[in-house]
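Only one structure is covered here, and it is reproduced in the block below.
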Amino acid sequence: MKKAKEIVVISGKGGTGKTTITASLAGIMTDKVIVDADVDAANLYILLRPQNIRGTDFTGKGLAEIDRDLCVHCGLCKELCRFFAIEIVDGDYRVDPFSCDGCGLCKIVCPVQAVTIEEQVVGKWFSADTEFGAFVYARLIPGAENSGNLVTMVKEQAKQKAAAGNIPTILIDGPPGIGCPVISAVSGADFALIVTEPTYSGISDLRRVFDLTAHFGIKSGIVINRCDINPGNTTAIETFAREKGIPVLAGIPHSRCIMDEISESRLPARKCKELSRQIENIYEHIKTELLNE
Amino acid sequence: MYIAVASGKGGTGKTLVSTSLALCAGECAYVDLDVEEPNGYIFLKPVIEKEIRCELPVPQIDEQVCTFCGECAKACAYNALMVMKQLKKTLFFADLCHSCGACAYVCPVKNALKEVKRTIGKISTGKTGTVKFIEGRLDVGRPSGVPLIACIINDFLDINDLLIVDASPGTSCPVVESLKKSDYVILVTEPTPFGLHDLELTIEIVKELGKEAGIIINKDNGRSALIEDFAARAGIPVLLKIPYSMDIQRAYSEGIPLIEAQPGIKEKFKEILKKLTAGIGQ
Ligand code: SF4
Ligand code: SF4
């Protein structure tokens, strides 16, 4: 059994239409497992309407706790903690859960073993069915850490599903930004679809996210969403793409239809003809790219 | 006063709002803590006066001195170190390291492990008119912006300033870091199911941190009461609605601040600022 090919949709900047594009691709691609790796703000389910949802807790990051009966107030943990997570409240040493990184240095230095590190449930991952195929997604408890690890986890689950069902492709809706969740989402991917928009912010973020895919040696292609809001900037993106030798796969004009369909939580590629035509093109290109590997 | 402008979902207009708020405030500091994608500079066009690299300590092992006892690797909660006793080799995975210092603390051999500095990003400071400008920019390939955000908050902000902070998007650790010290949180969202979903998550954090908050609805199409209904239920005030308009979108795409594209909105921003700053110390 060959390893399933991974297609990841990323954007750098949020709000460029990444989830809309992923959902539309999911609507026409054959035989795939769909993953929402934007675990901070998992939105794909709104359009895919999953059923048969099975959820599992995800534990990560430890959290220190100080037993006040054992603590002798030596202050060593507070002095050495690099996350400034130990505070004195009413004369007692306490751990601020929002600052604690779970490194465990306090436990190591404590002379009376008053510190324990407890693993925390930081989120939940879900496996479900949709009319477009199997779907794996996750939800991070707001404010929790380790979203990179949760991303790795949902991808791992998707790979197992793909292997078990002999499914050749995995389609991943990636997180925004360039930090650890994105790094986890793109690592091991076969193709990165970068969704951008012709705004100065969009271009600035496109450069950074392209650097990231180049850093990891991943083939990519660009989709310019709302390409007609600023033709000058659209040309600038095309020039950038040419310089870097990456193809521009589609330019999707701004459309009332897409906005209306999204606000009704419907898959816009069904009703919006221009979008569905462009999505077909993108899919054709990705198929050829993956065959040429 | 520290006003954080946040949004669960990216691209809802967080930077659009925070840059214009800063320009309306007269004297203030605009702080870009969206370190993965800092874009405020596009609208504020600041003159940069200083650039400082943000560095973190990471371990460096001298294999001539190291006894390969493995204590450092055992202490590391993030699996950033590997010690191979037989091969007499150590491996350090810099991207996994959180710079906690546990390895350096436990190493029993003198001079075997020392901490050296590794750059994770850059902090730029400057000015645009009467607005101070402070920006954090994470280096591409670095996993976490949190230490960079913490460094700016701890060392670069003057708490006597009116601080308008462009917080990180999302709902995980970077956003918590940028909201922790805030006096008020402005949540920017859009009236779509995506916007609502992410707003709900962000409000959980805001509540957990015990912060006061208000909502600005961007790209309001005048037809959907999705966000307003939710705000009423959650008991959070809607501070402003910015209409959906092609003109604003176009201005945004050119890096033109909202208050220049829609001068009428200036008064509304000033009102919001007045209300918030009057609320200090209550
Ligand atoms: S703790 Fe010190 S001596 Fe032991 S393996 Fe690590 S660096 Fe080497
Ligand atoms: S500093 Fe902390 S995270 Fe980094 S290698 Fe040492 S023990 Fe691990």
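The values are calculated or read from the model by the stated rules, or taken from the named source; none is laboratory data. What you see is a predicted model; the values in this text were computed from it and never measured. Quick reminder, even Gly has a Cβ in these numbers, built from the backbone with ideal geometry, and neighbours come from all protein chains shown. The area values use the complete protein model at the heavy-atom level, side chains included, leaving out ligands, DNA and RNA. Shrake-Rupley method; radii C 1.70, N 1.55, O 1.52, S 1.80 Å.
Considering helices alone, the calculated mean residue ellipticity of chain A at 222 nm is -11500 deg cm²/dmol, with DSSP H runs of length four and up weighted by -39500 (n - 2.57) and normalised per residue. Charge tally around B:C72: other residues with Cβ under 15 Å, Lys/Arg +1 each, Asp/Glu -1 each, net +2.
Taking 2.2 N^0.38 Å as the expected size of a compact globular protein, what ratio does the Cα radius of gyration of the stretch A:61-121 give against it, to two decimals? Please list the in-between numbers first.
On the way: Rg = 10.3 Å, N = 61, 2.2 N^0.38 = 10.5 Å.
So the Cα radius of gyration is 0.98 times the expected 2.2 N^0.38 Å.
The spacing between the stretch A:42-88 and the stretch B:242-282, judged by their C-alpha centroids, is 37 Å.
May I ask you to derive the relative contact order of chain B, considering only C-alpha pairs under 8 Å and at least 6 residues apart, and to give it as an integer percent?
Numbers: 540 pairs, mean separation 78.1, N = 282.
Relative CO of chain B lands at 28 percent.
Using Cβ point charges alone (K and R +1, D and E -1), the dipole size of the stretch B:121-245 about the Cα centre works out to roughly 220 debye. Simple spin-label estimate for B:A225 and A:L291 gives 5.4 nm between the two label positions (7 Å along the Cα-to-Cβ direction from each Cα).
Quote to one decimal, in nm, the extra length available between A:R242 and A:E156 on full extension: 0.36 nm per residue of separation minus the C-alpha distance between them.
On the way: separation 86, 0.36 × 86 = 30.96 nm, distance 3.43 nm.
This chain segment gains 27.5 nm when fully extended.
Only protein atoms count toward the accessible area here, which uses a 1.4 Å probe; on the protein assembly as shown, the carbon and sulfur part of that area reaches 50 percent. Placing unit charges on each Cβ (+1 for Lys and Arg, -1 for Asp and Glu) gives chain A a dipole about its Cα centre, and among A:N225, A:L150, A:I117 the Cα reaching farthest toward its positive end belongs to A:N225. Rg then Dmax, both in Å and based on the Cα atoms of chain A: 22.3, 70. Each residue of chain B gets 151 Å³ once the volume of the Cα convex hull is shared out per residue. The percentage of C-alpha pairs in the stretch B:68-211 whose separation is greater than 18 Å is 68%. Summarising the label geometry, the points placed 7 Å from Cα in the beta-carbon direction at A:I53 and B:V116 lie 4.9 nm from one another.
Express in Å², to the nearest 10, the accessible area of B:Y78 obtained by rolling a 1.4 Å probe over the protein heavy atoms while all chains stay in place. B:Y78 has an accessible surface of roughly 40 Å² with all protein chains in place. Partner shielding of A:173-185 amounts to 6, given as the average count of beta-carbon atoms from other chains within 10 Å of each residue beta-carbon. Relative contact order of the stretch B:63-111: 40 percent, from C-alpha pairs under 8 Å at least 6 residues apart in sequence.
Distance from the alpha carbon centroid of the stretch B:79-113 to that of the stretch B:134-172 works out to 29 angstrom. The trypsin sites (Lys or Arg not before Pro) of the stretch B:210-280 meeting both criteria, a DSSP state outside H, G, I, E and B (loop) and at most 12 other C-beta atoms within 10 angstrom of the site's C-beta, are B:R223. Here the alpha carbons of the protein assembly as shown define both size measures, Rg and Dmax, at 23.9, 72 Å. Of the residues A:C74, B:S20, A:Y93, the one whose Cα sits farthest toward the positive end of the charge dipole of the protein assembly as shown, with +1 on the Cβ of Lys and Arg and -1 on the Cβ of Asp and Glu, is B:S20.
Isolated cysteines of chain A, defined as having no other cysteine beta carbon under 4.7 Å away, are A:C71, A:C74, A:C81, A:C100, A:C110, A:C180, A:C227. Panel note: contact residues of the stretch B:99-142 (accessible area lowered by at least 40 Å² against the chain on its own; 1.4 Å probe) correspond to B:C100, B:Y105, B:V140, B:G141.
To the nearest 10 degrees, how steeply does helix B:146-155 sit against the main Cα axis of chain B, on a 0 to 90 scale? The angle comes out near 70 degrees.
Interface A-B: total buried accessible area of about 4800 Å², 1.4 Å probe, protein heavy atoms only. Largest GNM mean-square fluctuation across A:T169, A:T20, A:T30, computed for chain A with C-alpha springs under 10 Å, falls on A:T30.
Annotation for the stretch A:1-45: trypsin sites (Lys or Arg not before Pro) lying in DSSP loop with at most 11 further Cβ atoms inside 10 Å of their Cβ are A:K2. So what does the Cα-only Debye profile of the stretch A:233-289 read at q = 0.13, 0.17, 0.25, 0.30 Å⁻¹, as log10 I(q)/I(0), no solvent term? Scattering profile of the stretch A:233-289, log10 relative to I(0): -0.44, -0.68, -0.98, -1.10.
Explain nothing, just the number: dipole magnitude of the stretch B:63-111 about its Cα centre with +1 on each Lys and Arg Cβ and -1 on each Asp and Glu Cβ, in debye rounded to the nearest 20. Working shown, then result.
Working: 5 positive and 3 negative charges, 38 e Å.
The dipole magnitude comes to about 180 debye.
The separation of the stretch B:180-219 from the stretch A:99-118, counted between C-alpha centres, amounts to 33 Å. Think of the protein assembly as shown as having a plus end and a minus end, set by charges on the Cβ of Lys, Arg, Asp and Glu; of B:I153, B:Y41, A:C272, A:C272 sits farthest toward the positive end of this dipole.
Take the Cβ-Cβ distance between B:A234 and B:K181 as r, set R0 to 22 Å, and report the resulting FRET efficiency rounded to the nearest 0.05.
Efficiency computed from Cβ-Cβ geometry: 0.45.
Looking at the calculated P(r) for the stretch B:63-111, what percent of the C-alpha pair distances fall above 15 Å? Tail fraction, whole percent: 39.
State to the nearest 20 debye the size of the charge dipole of chain B about its Cα centre, where the only charges are +1 on K and R beta carbons and -1 on D and E beta carbons. Don't skip to the end; give the middle numbers.
Numbers: 32 positive and 35 negative charges, 100 e Å.
With Lys and Arg at +1 and Asp and Glu at -1, about 480 debye.
Modelled spin-label separation between B:D95 and A:E131, with each label point placed 7 Å from Cα along the Cα-to-Cβ direction: 3.9 nm. With protein chains left intact and a 1.4 Å probe, residues in chain A average 41 Å² of accessible area per residue.
Out of the DSSP beta bridges found with both residues in the protein assembly as shown, what percent are antiparallel (nearest 5)? Write out the running numbers ahead of the final one.
Numbers: 51 of 103 bridges.
Counting only bridges with both partners in the protein assembly as shown, antiparallel ones make up about 50 percent.
When the P(r) is computed for the stretch A:1-158, the part past 19 Å accounts for 62% of the Cα-Cα pairs.
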